[in-house]
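A.B. asks: Below you'll find the structure I mean.
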Amino acid sequence: MDKLAIIGGRPLYGIVPISGAKNSALKLMAASLLTDEEIVLENAPRLADVDMLMRLLDQHGAQSSFDGATLRLRAKDIKSTEAPYDLVRKMRASFNVLGPLLAREGKAKVSLPGGCAIGARPVDLHLQALAAMGAKIDLDEGYVIAEAPDGLHGADISFPFVSVGATEHAMLAAARAKGETHISNAACEPEIADLAECLNAMGAKVSGAGTSAIHVVGADRLSGVTHRVLPDRIETGAYAMAVGTTGGELTLANTDVELLGAALPILEKAGLSFAATDDGVKVKKERDRCLAVDIETKPYPGIATDLQAMFMAMMTTADGVSRVKETIFENRFMHAPELSRMGAKISVDGQTATVTGVERLKGAPVMATDLRASMSLVIAALGAEGQTMVNRVYHLDRGFERLEEKLAECGALIERVSE
């Protein structure tokens with residue numbers, strides 16, 4: 001199993017090309033099952049999660065190819081409507097093939113999903129949305145068995161709480177449902193608007209994406225499309241917080257810092273400056289040590305839960321005491337004990353972590369527990385004294401494209417070590 005060996009204490013200088021958003025690309029890939037024509041995704045990230053979903057789409061009959069950052073997918077014929085446990089268990093987003101298969105073929109058998117161990121994340125809302133659109137759904141030995149022999153129909157769907165995955169899943173299914181679908185209390189993330197843009201180009205009529213009320217008029221047939229995946233806001237925030245930990249100055253290319261939502265003014269308050277460039281944004285640390293700032297994760301445009309672990313890493317060496325409240329997922333402070341191994345002072349009480357900044361962390365062997373926690377350990381290691389060995393690098397490969405290469409090109413001493 002690979003590890004990352006990192007010797008910290010070096011500021012970062014250079015240009016980091018930000019990849020396409022993983023959280024958008026995966027749902028756009030699922031949309032390829034809605035049509036028999038080719039879907040071309042430009043600016044697609046080369047990630048383990050993308051490779052895994054390509055394998056699952058192949059299982060359903062899609063042909064796929066990667067050329068640089070261009071991903072081509074075509075599901076001309078659906079040869080199987082079953083998504084097996086061995087593939088779905090490894091990545092939660094793969095569950096989103098259920099709606100497109102059901103909408104196109106009238107039936108689907110999909111394993112209940114797996115993914116990072118950051119909380120229960122049930123799929124009840126996904127299934128309730130599909131049932132409202134006319135699907136008959138049964139659960140049998142860990143599989144969702146769904147049928148809609150007469151096709152899906154439009155429906156009024158009101159989510160009891162905001163769910164990004166359920167919103168996207170409902171949109172995917174509604175794009176080929178008969179009639180109109182109204183989704184209320186919808187998620188507002190930029191990835192939702194990106195999916196809507198793609199579905200509209202394919203022939204559906206989606207309005208309201210980016211607000212809490214989305215309206216979808218389905219189409220009997222959807223066409224192929226060429227669509228550019230929006231920049232990854234989580235990767236954008238991660239490299240910005242790396243600068244906040246190490247010092248230096250990075251130009252984050254091919255991104256829009258406004259995608260960070262409420263996290264942007266928080267990072268500025270902590271001591272980072274952002275200046276627009278022709279193709280991205282320049283990030284600089286304006287203080288010797290960042291200022292401690294409190295945060296609370298919330299649905300977009302609030303501070304993303306996916307940035308929480310990385311923000312905590314930056315706060316471990318900030319000046320003062322910060323409080324980090326996690327409101328989206330339970331069990332998402334598993335990185336705190338690992339940061340403490342490096343000398344961080346963190347106390348956790350329920351869904352709130354209190355971080356007392358220290359002058360400098362010290363390198364230590366640490367173990368990643370999930371994708372975003374992995375990046376928090378890398379950020380901490382970049383600013384720490386001495387060497388840190390980050391175990392379970394496979395988590396990072398799921399969501400950060402060419403991580404060690406990008407960091408090494410900006411002056412970091414980082415190397416992948418194979419056992």
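The values are calculated or read from the model by the stated rules, or taken from the named source; none is laboratory data. Predicted model only: the values in this text are computed from it and were never measured. Note that we place each Cβ from the backbone using ideal geometry, even for glycine, and neighbour counts take in every protein chain shown.
A.B. asks: Is it the case that residue 350 is assigned by TED's automatic domain parsing to the domain that holds residue 240, surrounded by fewer than 23 Cβ atoms within 10 Å (Cβ to Cβ) and in contact (Cβ under 8 Å) with a residue 24 or more places away in the chain? Talk me through it step by step, then tell me what you get.
C.D. replies: Values: assigned by TED's automatic domain parsing to the domain that holds residue 240: yes; surrounded by fewer than 23 Cβ atoms within 10 Å (Cβ to Cβ): yes; in contact (Cβ under 8 Å) with a residue 24 or more places away in the chain: no.
In short, no.
A.B. asks: Continuing with this model, one more query. Is it the case that some residue within region 333-350 is modelled with pLDDT under 95, hydrophobic (A, V, I, L, M, F, W, C) and touching a strand residue (DSSP E or B) at 6+ places or on another chain (Cβ under 6 Å)?
C.D. replies: yes
A.B. asks: Here's a follow-up. Can you tell me which residues in region 352-373 are modelled with pLDDT of 95 or more and either among the acidic types (Asp, Glu) or not in a strand (DSSP E or B) (or both)?
C.D. replies: The answer is 357, 358, 359, 360, 361, 363, 364.
A.B. asks: Looking only at region 202-217, decide whether some residue is in contact with a helix residue (DSSP H, G or I) (Cβ under 7 Å, 6 or more places away or on another chain), touching a residue at least 60 places away in the same chain (Cβ under 8 Å), assigned to a strand (DSSP E or B) and crowded, with 17+ Cβ neighbours inside 10 Å.
C.D. replies: Among the residues of region 202-217, at least one is in contact with a helix residue (DSSP H, G or I) (Cβ under 7 Å, 6 or more places away or on another chain), touching a residue at least 60 places away in the same chain (Cβ under 8 Å), assigned to a strand (DSSP E or B) and crowded, with 17+ Cβ neighbours inside 10 Å, which makes the answer yes.
A.B. asks: In the list 244, 271, which residue meets the criterion of being within 24 Å of the chain's Cα centre (by Cα) and among the small types (Gly, Ala, Ser)?
C.D. replies: Numbers: 271 fails: within 24 Å of the chain's Cα centre (by Cα).
So the residue among 244, 271 that is within 24 Å of the chain's Cα centre (by Cα) and among the small types (Gly, Ala, Ser) is 244.
A.B. asks: Would you be able to say whether some residue in region 6-23 is in a helix (DSSP H, G or I), in contact (Cβ under 8 Å) with a residue 40 or more places away in the chain and surrounded by fewer than 20 Cβ atoms within 10 Å (Cβ to Cβ)? I'd like the intermediate steps shown before the answer.
C.D. replies: If we filter region 6-23 for residues that are in a helix (DSSP H, G or I), which is where we start, we get 22-23.
Then keep just the ones that are in contact (Cβ under 8 Å) with a residue 40 or more places away in the chain; that gives 22-23.
Of the ones still in play, those that are also surrounded by fewer than 20 Cβ atoms within 10 Å (Cβ to Cβ) are none.
No, region 6-23 contains no residue that is in a helix (DSSP H, G or I), in contact (Cβ under 8 Å) with a residue 40 or more places away in the chain and surrounded by fewer than 20 Cβ atoms within 10 Å (Cβ to Cβ).
A.B. asks: Something else about it: Taking region 137-163 as the search range and keeping residues that are of a type in the set (Ser, Thr, Tyr) and modelled with pLDDT under 95, which one is farthest from the chain's Cα centre (by Cα)? If you could, list the steps in order and put the result at the bottom.
C.D. replies: Going through region 137-163, the residues of a type in the set (Ser, Thr, Tyr) turn out to be 143, 158, 163.
Adding the requirement that they be modelled with pLDDT under 95 leaves 143, 163.
Working: 143: 24, 163: 13 Å.
By that ranking, first place goes to 143.
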